[in-house]
Amino acid sequence: MYSMKCCEDGNFVQGNLTHYGNIQFSPFAAVLNYGQGIIEGLKVNRKEDGRLLLFRPDQHALRMKMGAQRMCMPSPSIHQFIHAVKQTALANIRWVPPPGKGSLYIRPLLIGSGPVLGVGPAPEYMFLTYASPVGNYFKQDKTPLSLYVEEEEVRAFSGGVGGVKSVSNYGPVLKALVRAKSLGFSDVLYLDSVNKKYLEEVSAANIFTLKGNVISTPPTSGTILPGITRKSIIEIARGLGFQVEERSISVHELTEADEVFCTGTAVGVAAVGSVTYRGTRFEFKVGENTVCQALGSTLVGIQTGLIEDKEEWIINIH
Ligand SMILES: *Cc1c(COP(=O)(O)O)cnc(C)c1O
């Protein structure tokens, strides 16, 4: 893992690689008591020629920077972030799965590691990147997701931190997630907190609907995490001739959708087979010859070096 510290001057210095292992800080650390922390997540893929490919690390670095501002934290520079991710990938090269077999998932973490007694920003910060190999979601002929529309609990509020990858966003979704899973669903689909009517997103993935030639996804105006996969899929879909709209989508529109899918670094582009709302199960087209599959395979093709990277989304690191 790679780690770097930052003291009161706000500058991160002297990052270094160490063996993966526990980290130590005060029980009064700001992140432990007051949730001052930001996560990121990105994947490294191995190309046929052995090179390692990173997908849009600059976008992840930028998003961490925005999140850090919201959480009153200093952040590593874009260059420092990418350097840390590269160092982590190279140090763990033996854990990068062979082409087509999966990816190395890299987790950057920025935390208020210094102690605070009353609520306030930490006097010291830590930036860490560490990794784990993950299987290939897309090629495994994965069973489509079954989503449960949550009406009691909400994920994010206007003015809150739903739009950043704050560590504080994930504890509060566990209750609804565990409940949905115990009912046999694969994940929760959240509605907006004001009207309880418009689709927001899934616990850690963005949502899209397709009707005819039109692909729709809710706008990321504060309560929805601006996914980098989401942004990439919007561009890919436009390139393939689809009309893409970022607009509010009422839960009632699900009755007419041809396809529904989720996007995120972890899931890639995942087909949604059904959404259950107030006891009614809406079903959508999945499998061969779906738009979801076309978009997903284009994305995976770019990420693994099989399709030309026209947009310069890929960084070669080996
Ligand atoms: C990480 C995340 C996403 C997906 O973002 P990507 O950049 O595509 O990985 C979507 N929603 C939430 C809540 C997330 O945490």
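The values are calculated or read from the model by the stated rules, or taken from the named source; none is laboratory data. This structure is a prediction, so every number in the text was calculated from the model and none was measured. All Cβ positions, even for glycine, are placed from backbone atoms using ideal geometry, and neighbour counts span all protein chains on display. Areas reflect the complete protein model, heavy atoms only, side chains present, ligands, DNA and RNA absent. Shrake-Rupley method; radii C 1.70, N 1.55, O 1.52, S 1.80 Å.
Tabulated data for the structure shown
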| item | result |
| --- | --- |
| Selection count, region 49-71, where residues are surrounded by fewer than 17 Cβ atoms within 10 Å (Cβ to Cβ) and in a loop (DSSP other than H, G, I, E, B) | 3 |
| Some residue of region 26-48 being in a helix (DSSP H, G or I), away from the ligand (no atom under 16 Å from the Cβ) and closer than 30 Å to Thr304 by Cα | no |
| Some residue of region 119-127 being among the hydroxyl-bearing types (Ser, Thr, Tyr) and either open to solvent by 50 Å² or more (accessible area, probe 1.4 Å) or without any contact (Cβ under 8 Å) to a residue 12 or more places away in the chain (or both) | no |
| Evaluation of Lys175 against (1) modelled with pLDDT of 95 or more; (2) basic (Lys, Arg); (3) under 21 Å from Val272 (Cα atoms) (one fails), failing number | (3) |
| Complete set of residues in region 163-214 that are among the hydroxyl-bearing types (Ser, Thr, Tyr) and surrounded by 14 or more Cβ atoms within 10 Å (Cβ to Cβ) | Ser166, Ser168, Tyr170, Ser186, Tyr190, Ser193, Tyr198, Ser203, Thr209 |
| Qualifying positions in region 28-48 - open to solvent by less than 10 Å² (accessible area, probe 1.4 Å) and over 19 Å from Ala266 (Cα atoms) | Ala29, Ala30, Gly37 |
| Any hit, region 280-296, residues being crowded, with 21+ Cβ neighbours inside 10 Å, in contact (Cβ under 8 Å) with a residue 40 or more places away in the chain, away from the ligand (no atom under 12 Å from the Cβ) and among the β-branched types (Val, Ile, Thr) | no |
| Some residue of region 72-93 being of a type outside the set (Gly, Ala, Ser), open to solvent by 40 Å² or more (accessible area, probe 1.4 Å) and in a strand (DSSP E or B) | no |
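Residues checked against (1) open to solvent by 30 Å² or more (accessible area, probe 1.4 Å); (2) in a loop (DSSP other than H, G, I, E, B):
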| position | (1), (2) |
| --- | --- |
| Glu253 | yes, no |
| Ala271 | no, no |
| Gly301 | no, no |
| His318 | yes, yes |
